[in-house]
1. I'd like to verify a number: residues in region 250-300 that are outside any helix (DSSP H, G or I) and among the charged types (D, E, K, R), how many?
2. Does GLN572 satisfy the criteria of being within 30 Å of TYR491 (Cα to Cα), surrounded by 13 or more Cβ atoms within 10 Å (Cβ to Cβ), modelled with pLDDT of 90 or more and under 60 Å from the mean Cα position of the chain (by Cα)?
3. Taking region 4-36, which residues are farther than 22 Å from PHE160 by Cα, of a type outside the set (Asp, Glu) and assigned to a loop (DSSP other than H, G, I, E, B)?
4. Take THR585 and tell me if it is surrounded by 13 or more Cβ atoms within 10 Å (Cβ to Cβ) and in contact with an Asp or Glu (Cβ under 6 Å, 6 or more places away or on another chain).
5. Taking region 493-534 as the region of interest, how many residues are among the polar types (S, T, N, Q), surrounded by 15 or more Cβ atoms within 10 Å (Cβ to Cβ) and in a loop (DSSP other than H, G, I, E, B)?
6. Could you check, for region 634-647, whether at least one of its residues is touching a helix residue (DSSP H, G or I) at 6+ places or on another chain (Cβ under 7 Å) and either at pLDDT 90 or above or in a strand (DSSP E or B) (or both)?
7. So ASN77 fits all but one of (1) within 21 Å of the chain's Cα centre (by Cα); (2) surrounded by fewer than 19 Cβ atoms within 10 Å (Cβ to Cβ); (3) modelled with pLDDT of 90 or more; what number is the exception?
8. What's the number of the condition ALA131 fails, among (1) more than 19 Å from the chain's Cα centre (by Cα); (2) over 24 Å from VAL48 (Cβ atoms); (3) in a helix (DSSP H, G or I)?
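The values are calculated or read from the model by the stated rules, or taken from the named source; none is laboratory data. Just so it is clear, the model here is predicted, and its values are computed rather than measured. Counting neighbours? That spans all protein chains shown, and the Cβs are built from the backbone with ideal geometry, glycine included.
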Amino acid sequence: MDTTLHDPLIGALLDGRYRVEQRIAVGGMATVYRGTDTRLDRVLALKVMHPALAADAEFTGRFIREAKAVARLAHPNVVNVFDQGADGSRVFLAMEYVPGCTLRDVLRDRGALSARAALDILEPVLAALGAAHRAGLVHRDVKPENVLITEGGLVKVADFGLVHPVAGDAASGSATPLGTVLGSVSYLSPEQIRQQPADPRSDVYACGIVLYEMLTGRKPRTGGSPTEIVRQHLAEDVPPPSLAVPGLPPELDAIVAAATARDRERRPYDAVELLAALQRVRRTLTAEQLDAEPPASTYHTPQYSTSEPTTRLPATAAPPSAGPERTGAERTSVLELPPELLTPRGRPYDEPAPAARPGRRRWRRGPTLAAAATALVLVVGLTTWLLSAALYATTPSVLGLTRQAAVARLDAAGLSADFTEAFSETVPRGEVIESRPEPGARTRKDHPVKVVLSGGPERIAVPGVLGKPLAEARKQLTGAGLAPGTTTEEYSDSVAEGAVISSEPAAGKRLARETPVSLVVSKGPAPLPVPQVVGLPLDQAQAALAEQHFTVQISPDQVYSDTVDAGSIAAQDPADRAGPGATVTLTVSKGPQLYPVPDVRGRNEADATAALREAGFQVRVVRLNPFGTPTVRNQDPGGDARRPKGTTVTLVLL
């Protein structure tokens, strides 16, 4: 049954722009729809908060915080947020639409994944979370439902609905009301359950659970109620995935153990550090280990479902402490990574595995000879490692630290630093942007670590281009690292035509690199009305123009004019407006052009009239003899006279 048919939002237009078309998913805080941005004509996802929560200022604030937080992350593995708004009681986000499926769909369809497939999915997830962590943000709801896989195989992290600034958690303690735990219970870290401040290591914990789930096809925590699962988080370690899928490399067991350590101090510092450790482990695995297919299985569904993105548990459901440690047969031995595979930061997960307790039953791995050979290999390896430790160290992560803190951390690892500085729009001044070798890499102790400190945002002063020709001003802006913007023109009495009058922003204003600067260019002085001198005698015309400070130029070519007398002005250029001091060209009239008048004396009336009209003259007839066939006795003007065309010739017939 298609429930979208009964959804009143289907077909609605949010904020007069976003058309709701199809419901995609329903979560604990909001419903996600596929929609269309009618203004840009593009498909997007619309996340609409549930009406009951929209009236809650706390949830509305968290919802809006998601838009602001994700908008700060420009990362290919993070689902982009385009817009945030409200339409009446409906609070919504407009987000990137990602066609494809979720990791939950993949696990439900395929069950356990190969090590290569699991790492191919987890690495971009960690890259996205690492960008958030280094920006000071914690996701707090990492789970397969929030990992999207596009049709082209691109992995994206979605639903930062529970995102929270690290500083905010640290400053205020729990960001949620007492007695409420936010997140999906199967992926909650112990500190979140205890309502302690969440930090990047809380996301690392959830990623460890997700990795276990991908490698085994099941969640490590199962139970009949949220309370039972919460108690397992607090009292029990996550078992090695190789117990569920024999043959998995022990290095992956160690990664899961480190990421899901109940004591957050034993976990990698953030997603960047876990990603570095994961990539180092991957390089040690063979193709056979990476591509080994797990036993065929269906996805394991726990007795208690935790698919909702937000779980609210009574505070009394979480015990005040982690509970007693498991002993004897209950304890599961977990292989630890050697120091070169996991970044040492002075935390317990870098230490060797503790010795077995007295009386504990040991697992016999093989015959005595094999055990002896194994012991020999371990001794040789340990000796080699001890010798190399004197010359080499593992580079710790110093990203986001101040210079003093970075020096202290490197010094603790036996390393020195070579500092340089670079501008950064996102990292505060004085904090580390980058280090080489990368965190977790093995480097010689006598080679300083290259550390780049943030100089803060780069700001460039707008150069002074007033009075410069346009081409030169544009070149000067480009050379300074800014971009020439729009160009407009204005009249100016003081700035030469084609030169810059002003810039916006003004000279001296400090801008980010490549910011456009608009220029106003002079068209020269504003034009003035030119006196109309057509028809005036030449001397009067010159005097009128000189009085208005125009320069007079007489055209060498005079023209005939039927309307202007000879010696007067027949034409002027320009005739309407010109700049101050502009030259006005005057053309003098030669008067009307004269043509010879035909002599028609002695002709009859018809012939005489035809000849005169053919020559361009008008005819007036005076008849003195009304009888017979009179002829022209006289004409005025007379024959061979010169007159303008159109002149009337009077004929006297007798």
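1. Start the filter on region 250-300 by keeping residues that are outside any helix (DSSP H, G or I), which leaves 260-263, 267-270, 285-286, 292-300.
Pick out the ones that are also among the charged types (D, E, K, R) and you get 262-263, 267, 270, 293.
Residues in region 250-300 being outside any helix (DSSP H, G or I) and among the charged types (D, E, K, R): 5 in total.
2. Numbers: within 30 Å of TYR491 (Cα to Cα): yes; surrounded by 13 or more Cβ atoms within 10 Å (Cβ to Cβ): yes; modelled with pLDDT of 90 or more: yes; under 60 Å from the mean Cα position of the chain (by Cα): yes.
Considered against the rule, which asks whether it is within 30 Å of TYR491 (Cα to Cα), surrounded by 13 or more Cβ atoms within 10 Å (Cβ to Cβ), modelled with pLDDT of 90 or more and under 60 Å from the mean Cα position of the chain (by Cα), GLN572 comes out as yes.
3. Within region 4-36, PRO8, LEU9, ILE10, GLY11, ALA12, GLY16, ARG17 qualify.
4. On the way: surrounded by 13 or more Cβ atoms within 10 Å (Cβ to Cβ): yes; in contact with an Asp or Glu (Cβ under 6 Å, 6 or more places away or on another chain): yes.
For THR585, the condition - surrounded by 13 or more Cβ atoms within 10 Å (Cβ to Cβ) and in contact with an Asp or Glu (Cβ under 6 Å, 6 or more places away or on another chain) - is met.
5. Within region 493-534, the subset among the polar types (S, T, N, Q) is 494, 502-503, 515, 518, 522, 532.
Then keep just the ones that are surrounded by 15 or more Cβ atoms within 10 Å (Cβ to Cβ); that gives 502-503, 515, 522.
Next, only the ones that are in a loop (DSSP other than H, G, I, E, B) stay: 515.
Of the residues in region 493-534, 1 are among the polar types (S, T, N, Q), surrounded by 15 or more Cβ atoms within 10 Å (Cβ to Cβ) and in a loop (DSSP other than H, G, I, E, B).
6. Just the residues of region 634-647 that are touching a helix residue (DSSP H, G or I) at 6+ places or on another chain (Cβ under 7 Å), to begin with: none.
Within region 634-647, not a single residue is touching a helix residue (DSSP H, G or I) at 6+ places or on another chain (Cβ under 7 Å) and either at pLDDT 90 or above or in a strand (DSSP E or B) (or both).
7. (2)
8. Here ALA131 meets the rest and fails (1).
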